[in-house]
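What follows is a set of notes on a single structure, which appears directly below.
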Amino acid sequence: MKQILSAVAVGASIGLAGLGAATAPASAEGLKIGFLATLSGPPAVLGQHMRDGFLLGVKQAGGKLGGMDTDVIVVDDELKPDAALTKVQGLLERDKVDIMAGVVFSNVMMAVYKPIVQSETIFIGANAGPSPIAGKGCSKYFFSTSYQNDQNHEVMGRYASQKGYGKMVVMAPNYQAGKDAIAGFKRHYTGEVAAEIYTKLGQLDFSAELARIADLKPDAIFTFMPGGMGVNLVKQYSQAGLKDVIPFLSTFTVDETTLPATKDLAVGLYSGAEWAPNLDNPANAKFVRDFKAEYGYAPSLYAAQGYDAAQLIDGAVGMAGIKDKVALLSALNAAPFESVRGDFKFNTNQFPIQDFYLTKAVKDGNSYVTEAVEKVFDDFGDAYAGSCRMN
Amino acid sequence: MSTTLLAVQTLNGMQLGILLFLIAAGLTLVFGVMDFINLAHGVQYMLGAYLAVAAYKLTGSFWLALPLALLAALACGLLLEFLVFRHLYDRDHLDQVLATFGVILFLNEAVKVIWGAAPLSVPVPELLNGSIRLFENFNYPVYRVALLGTGLGVAALLYVLVTRTRVGMLVRAGASNAPMVAALGVNIRRLFMIVFGFGAMLAGFAGIMAAPILSVEPGMGDNLLILAFVVIVIGGIGSIRGAFLSALLIGLVDTLGRSFATDIARMLLPPSAANDVGPAIASMLIYILMAGVLFFRPSGLFPVRTA
């Protein structure tokens, strides 16, 4: 009986707390944005880039996206889908955010996507773009300012075919995103894959794999090795003397988040991306300059995507306000902003149609950055848009 | 699957084994002598790597950074002993696990606050940069050869220390029966402190040596800690010789498994299935090995004789 009583008491107090939050006055003319990013654990640097890019966008608008006082609530998803879900529910129900944005990792995206779009909250994805939400599960409330996950890998596959590489070794960590990367690469690669190597997620030492690659003597290798794994691989690839012998094609492995650690060892390695700091347009020049001045480090594609997310919100809210959701959705769909990557428009599934580049790591003064060297795809949409029935 | 490839992979396996040994040696001593479960041993490895980064930034030379970071790692180890671990020796294992797990969380966050979340690195020293040609088409980085040599040197040094010196004798006696050693008038607390500081320094040394080839990032010690525990369980808790041999064994099994499991699976299965099965088996191999050892020889391959 005592237990039941205390359970009732707890239930009542939770209920009261809930009511208290619900009756808190919402600011009259404010725009509240919930920003979800991975900010702890080893991959925190990706979330940090994305957040800093977004906040720079807000700052440049004078703290008023679309002319409305903007309150950004930054939340760490800890790279734990269940924790992310709890925090997102807090943002939706307690904080009553007008717009959700961010998300670095696909597993987090899959956990929070449904609850957000089902609550009819506008959601701007700034990195993760898993195939289910680009295809069958697409939603009119979701917009992406990044890419669909397969696309960067497809860029490398296309480039390898164009270069006439007839025999390649492909390598990725043994988990879903790694397998997707290999599948994406193979979609546009016409040569022979001599070996598919799947490594343990979080593997530190690649000497066994590198010895095998040296033994197979492929024309080039393709790899997807995000975060610290990529740093280790790049260092060891170069130290094993393979860098100048076997071309290194990669995705999410050599960029401004890992270059501070790999430095000279990564110079000359290739990657596929939809953005690079040297893309020649005024919006990008301003972004790169202001970002460095504000945060003291070079922006990566994650930062560019975060920045574009803020700019998209700025443009659309400026046009339509937030009162009329239908008007705001159609304003967002028109992508009324100058993207740092130049050409940018939304596909039928509200993922971008954009250009993709081959990028190369270079040394620029004291810092190491990527540089677009060749356009591989022009106005490229993803493979899943066809199966999206928007409703 | 040529013989040269097999030879290179064996070398790779030994080198991973040496790295594991450097970490496991301290862990097995602390666990064996003090009956103390130190989950924070992995973060001491991480700390060594970060201290190497800091010392390198300060001095600009790997050779100056090495002793500096080593001393700092020792100091950090002793400080942790003084602040936290000293108060846990008489508590049960659960308290030790909880407290040292707390130290992991604390230090992982602390390095992120101090050095940032982005991976860092130390360049390979000029003298050891480059690679030597082992076989036709096979270059092996000089630094890794040096790592192998240094690890073997440390192992030999430890062997002499443990079997030929007075402190070593006390450590061995402590591993067999600590209360008896204390009863014979040995200051067991001081012995514990020495063992602990030494273990922390070894882990730090492993971190310093790994910094030029691996990325230095928060949480880098967590994966290795698990492997180190596997090593000491297989080798027999408290035994340096066991730790050495089982570290090499684990290094070899893991490396050879990773390189050949898919090929072997391919002989038995269709290619697409082999691509799934091979890596899965490879990452399980060492745990299967551990399960086997625990089943047939529960106290490890080279157990310390106890009274």
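The values are calculated or read from the model by the stated rules, or taken from the named source; none is laboratory data. Just so it is clear, the structure is predicted and the values come from calculations on it, not from any experiment. Cβ coordinates were reconstructed from backbone atoms using ideal geometry, including for glycine residues, and neighbour counts include every protein chain displayed.
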Residues located in region B:128-153, provided they are of a type in the set (A, V, I, L, M) and over 17 Å from residue A:236 (Cα atoms) | B:152
Can you name every residue in region A:253-290 that is within 14 Å of chain B (Cβ to nearest Cβ) and of a type outside the set (A, V, I, L, M)?
-> A:253, A:255, A:256, A:257, A:258, A:260, A:262, A:263, A:264
Which one of these is modelled with pLDDT of 90 or more, assigned by TED's automatic domain parsing to the domain that holds residue A:293 and of a type in the set (A, V, I, L, M): A:91, A:39?
-> A:91
With respect to residue A:223, is the statement that it is away from every other protein chain (no Cβ under 14 Å) and buried (at least 24 other Cβ atoms within 10 Å of the Cβ) true?
-> yes
All but one of (1) touching a residue at least 60 places away in the same chain (Cβ under 8 Å); (2) buried (at least 17 other Cβ atoms within 10 Å of the Cβ); (3) over 19 Å from the mean Cα position of the chain (by Cα) hold for residue A:100, so report the exception by its number.
-> (3)
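Considering only region A:108-120, state which residues are touching a residue at least 40 places away in the same chain (Cβ under 8 Å), crowded, with 18+ Cβ neighbours inside 10 Å and out of contact with any Ser or Thr (no Cβ under 9 Å at 6 or more places or on another chain).
Taking region A:108-120 as the starting set, the residues that turn out to be touching a residue at least 40 places away in the same chain (Cβ under 8 Å) are A:108, A:112, A:120.
Subset that is crowded, with 18+ Cβ neighbours inside 10 Å: A:108, A:112.
The one that is touching a residue at least 40 places away in the same chain (Cβ under 8 Å), crowded, with 18+ Cβ neighbours inside 10 Å and out of contact with any Ser or Thr (no Cβ under 9 Å at 6 or more places or on another chain): A:112.
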Sole residue being small (Gly, Ala, Ser) and more than 12 Å from chain B (Cβ to nearest Cβ), chosen from A:191, A:241 = A:191
Hey, among the residues in region B:266-280 that are more than 17 Å from residue A:179 (Cα to Cα) and either surrounded by 13 or more Cβ atoms within 10 Å (Cβ to Cβ) or touching a helix residue (DSSP H, G or I) at 6+ places or on another chain (Cβ under 8 Å) (or both), which one's nearest to the other protein chains (Cβ to nearest Cβ)?
-> B:266
Residues satisfying the stated conditions in region A:200-219, i.e. at the interface with another protein chain (Cβ under 7 Å from one of its Cβ atoms) and either of a type outside the set (D, E, K, R) or within 25 Å of the chain's Cα centre (by Cα) (or both) | A:200, A:202, A:204, A:207, A:208, A:211, A:214
Looking at region A:154-251, what helices (runs of 4 or more DSSP H) fall wholly within it and have at least 3 residues that are touching a residue at least 24 places away in the same chain (Cβ under 8 Å) and among the polar types (S, T, N, Q)?
-> A:228-239
When only residues in region B:130-154 that are modelled with pLDDT under 85 and more than 7 Å from chain A (Cβ to nearest Cβ) count, which is surrounded by the most Cβ atoms within 10 Å (Cβ to Cβ)?
-> B:140
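Would you be able to tell me the number of residues in region B:114-129 that are over 16 Å from residue A:258 (Cα atoms) and either small (Gly, Ala, Ser) or away from every other protein chain (no Cβ under 11 Å) (or both)?
Going through region B:114-129 one residue at a time, the tally reaches 4.
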Within region B:243-265, count every residue that is more than 12 Å from chain A (Cβ to nearest Cβ) and at pLDDT 90 or above.
-> 8
Residue check, residue A:154 buried (at least 24 other Cβ atoms within 10 Å of the Cβ), under 24 Å from residue A:377 (Cβ atoms) and of a type in the set (D, E, K, R) | yes
Leading residue by the ranking (farthest from the chain's Cα centre (by Cα)) among those in region B:19-69 that are within 14 Å of chain A (Cβ to nearest Cβ), crowded, with 24+ Cβ neighbours inside 10 Å and among the β-branched types (Val, Ile, Thr) | B:43
Residue check: is residue B:25 at pLDDT 90 or above and closer than 22 Å to residue B:211 by Cβ?
-> no
Go through the residues of region A:165-180 one by one and say whether even a single one is assigned by TED's automatic domain parsing to the domain that holds residue A:223, among the hydrophobic types (A, V, I, L, M, F, W, C) and more than 22 Å from residue A:356 (Cα to Cα).
-> yes
